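Here the structure is laid out as structure tokens; the discussion comes afterwards.
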Amino acid sequence: MQEKSTDDGLIQAVWQVARFEAARTFTFGRIAIWLALIALPTVLIATTQLQSRGQIPETGLLMTAYVLVVQVGCMMGLVLWATPAVGGEVESQTWVYIAMRPWGRVAVVLGKYIVAVGWTLSASIPSAIGVSLLIGSQGLVTLVWMVALVFLSTVAYAALYMLIGVVFSRRATVFSVIYSLIVEGAVSGIPAAICEITVSYRLRSLLVEWSGNSELQATAQQIYGSVSPPIHIAVILAYSALLLSIATVVVHVKEYAIEANNAV
Amino acid sequence: MSELLLDLQKVSRFYKTVIGVGDIDLQLEPGAYGLIGPNGAGKTTLLNLITGMLAPSIGTVRVLGADPQRERAILREIGLCPATDILFPNVNAIQWVQYQTALHGFPTSTAHSMAIKALEIVGMSQEMHRPIGSYSLGMRQRVKVAQAIAHDPHLLILDEPFNGLDPIGRYELSEFLREWIATGHSLVLASHILHEVEEITTAFLLIHGGRILATGDASEVNSMLSGFPAEIEVAGRGLDTLVRNMLQQPWLTGIQFSANRDCAKIRVADNQEFYTALRDAANHPEVNLQSVRSSDGSLQSAFDRLLTVHRGETRTQL
């Protein structure tokens, strides 16, 4: 029976986790959530516009679309997928099988990260297309920057939630929501240097730059000053890589699900 | 493999103030071993240390020459069938075993054929395309064994593998494990049911209270117990005379005769003293012994006596 395993064990293992987890996305519940994430922002903006008979200013629509698609939509998808990456395995008692594979621990983090990003993008991009068609006159331009923001948001928050899930494998979802509300919500709005540690600040700055909305630009300039978009993008990508690296180190050394009362 | 199968040096593992295992020194050559102890004895903690799931609080663990926590490549040589159940209701057996095999670094097609072979070995070929959620406990147990052997490890570790298996399943698993050993593979089989382990291997590690009480085969374990309390059953004629000569001995703690007095169960505090006295008493012309044996010569008896000694109960009661 002896066969040789390949030397590129980690790549193989990551690919296998991503493949396995992607196949598991096709359940009724998960497809329903996926459809809801696609439809909700478009439906909400369309309903609002209909009720206000087109009287809502473009700035308000832009901010609403941004919050619904780039922040809430991406975050919700990732809280569902990235946060329970390890906790889910521990709860379903499958962690022991993963941890018994040479690259299993790291592969679970990286493989599930890929699936979380892919799944969330597959919901958020159609959602971005929908809202882009509804707001403003520059539909295609809006779509391009909205998709870019969705991509950066997904990549960064997936890494952030993955790290939270790896560190706090129990109640990871609660910790993620609390972190999102306090840090990404409240702290990102503080007009001081501390807001620069948040992804929200970077994404909002990019929104201001790329949307070309003069009202937003004037307000942002007053509060946050001016940083060029390439710096924001570089910081977001570096931040994501750093968080994901820390997550892989933590998962490699941390002991999960072994408690005195059930392990002795 | 020239390295020791297991090499544990002064290993202790604490869970805050609770001792999972304490001060274990263990060197085992490749082979098959039964890890036996009651629930809560420390079997799972010991297995978790061996598989690198846990780091020892004190001491070092090496499996086939490698530290399983730091040198994780050694995990390719280990197959683990844990006691916990599989909870993947929507995935079928072939998908899951293939996935677990591929995680060892095998390409998908190779992992697929290895998974099919392993499922065939455990008798799950017919059912492998059904979702795991529809399986009985015994079938899930077989699937767990399949994922443990699919990558052809050198060492197979099973934690309570007979749980949930019906008699046929138990027999088939026992047969498979005997074949596994016969082909030169190593095995560590943890169980709290002694006779299941005795059917598969003759080498035992007795664990209780987080400590290894004894290692060796049944006779070695029994010989370790010489000088300790025992219950011995003697049969023959002239047993009254035999016993009369022993009545004043301080090590005699109890006697129970059968109705026709041709058989007696003698409880002693020191079995070596008893056997010495028995040799002299048996020379008496009225005594004709037909058999002398431990009233329960099984490993269970030895294990019970070890526990008695471990707890500090040096004298048995009638």
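The values are calculated or read from the model by the stated rules, or taken from the named source; none is laboratory data. Note that the coordinates shown come from a computational prediction; the quantities given were computed from them, not determined experimentally. All Cβ positions, glycine included, derive from the backbone under ideal geometry; neighbour counts span all protein chains shown. Please note that ligands, DNA and RNA were not included when accessible areas were found on the heavy atoms of the full protein model with its side chains. Shrake-Rupley method; radii C 1.70, N 1.55, O 1.52, S 1.80 Å.
What translational diffusion coefficient, in µm²/s and rounded to a whole number, does the Stokes-Einstein relation yield for the range A:94-242 at 20 °C and a viscosity of 1.002 mPa s, taking the hydrodynamic radius as the Kirkwood radius over Cα pairs? Don't skip to the end; give the middle numbers.
On the way: Rh = 17.0 Å.
In µm²/s, the coefficient is 126.
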Tail fraction, Cα-Cα pairs, the range B:106-217, threshold 18 Å, whole percent: 53
Loop trypsin sites (Lys or Arg not before Pro), the range B:249-279, which have at most 15 other Cβ atoms in a 10 Å radius of their Cβ (DSSP): B:R261
Dipole magnitude (debye, nearest 20) for the range A:1-123, charges at Cβ of Lys, Arg, Asp, Glu: 160
Beta bridges per DSSP with both ends in the protein assembly as shown, % antiparallel, nearest 5: 70
Estimated FRET transfer efficiency (B:E29, A:I56; beta-carbon r; R0 60 Å; 0.05): 0.15
Cα-based helix-to-principal-axis angle, A:104-134 vs chain A, degrees rounded to 10: 20
Helix-derived mean residue ellipticity, 222 nm - over the protein assembly as shown, DSSP H n ≥ 4, -39500 (n - 2.57), to 500: -15500 deg cm²/dmol
Percent of Cα-Cα distances greater than 29 Å, calculated over the range A:8-256: 32
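Treating only the Cβ atoms of Lys and Arg (+1) and Asp and Glu (-1) as charged, compute the dipole magnitude of the range A:8-256 about its Cα centre; round to the nearest 20 debye. Kindly include the intermediate steps, with their values, before the conclusion.
Numbers: 12 positive and 10 negative charges, 97 e Å.
The calculated dipole for the range A:8-256 is roughly 460 debye.
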Among A:T27, A:T120, A:T248, residue whose mean-square fluctuation peaks in a GNM of chain A (springs only between Cα atoms under 10 Å): A:T27
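Would you work out the relative contact order for the range B:26-111, in percent, from Cα pairs under 8 angstrom that are 6 or more residues apart? Mind showing how you got there, number by number?
Numbers: 40 pairs, mean separation 11.9, N = 86.
The normalised contact order for the range B:26-111 reaches 14 percent.
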24 Å Cα-Cα reach of B:K117 towards lysines, excluding residues that sit fewer than 8 places from it in its own chain: A:K4, B:K144
Accessible-area ranking of B:F274, A:F175, largest first, probe 1.4 Å: A:F175, B:F274
Choice from B:T44, B:T110, B:T201 with maximal GNM fluctuation in chain B (Cα, 10 Å cutoff): B:T110
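Return the FRET efficiency for the residue pair A:I178, B:E3: r is the Cβ-Cβ distance, R0 is 56 Å, and the value is rounded to the nearest 0.05.
Working: r = 49 Å, r/R0 = 0.87.
Computed FRET efficiency for A:I178 and B:E3: 0.70.
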Anisotropy class of the range A:82-166 from Cα gyration tensor, a/c 1.5 cut: prolate
Convex hull volume of the range B:1-59 per residue (C-alpha atoms, cubic angstrom): 84
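Given the convex hull over the Cα atoms of the protein assembly as shown, what projected area results after averaging over all orientations, in nm²?
Computed as one quarter of the Cα hull surface, the answer is 34.1 nm².
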For B:D67, residues with placed amide H under 5 Å, excluding near neighbours: none
Relative contact order %, chain A, counting alpha carbon pairs below 8 Å whose residues are six or more apart: 23
Convex hull (Cα only) mean projected area of chain B, reported in nm² to one decimal: 19.9
Within chain B: Cβ-based charge dipole about Cα centre, in debye rounded to nearest 20 (Lys, Arg +1; Asp, Glu -1): 680
Whichever lysines have a C-alpha closer than 27 Å to that of B:K10, once near sequence neighbours (fewer than 8 apart) are set aside: A:K254, B:K43
Cα-based helix-to-principal-axis angle, B:271-281 vs chain B, degrees rounded to 10: 40
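What number, in percent, do you get for the relative contact order of chain B if the mean sequence gap of Cα pairs under 8 Å and at least 6 apart is divided by its residue count?
On the way: 596 pairs, mean separation 55.7, N = 318.
Reported as a whole number, the value is 18 percent.
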Charge context of A:Y239, other residues only, Cβ under 13 angstrom, K/R +1, D/E -1: -1
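Per the Cauchy relation, a quarter of the hull surface: what is the mean projected area of the convex hull of the alpha carbons in the range B:230-298, in nm²? Write down the numbers at each step before the final one.
Details: hull surface 17.0 nm².
Across all orientations, the range B:230-298 yields a mean hull projection of 4.2 nm².
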Between 0 and 90°, nearest 10: helix A:229-253 axis offset from chain A longest Cα axis: 20
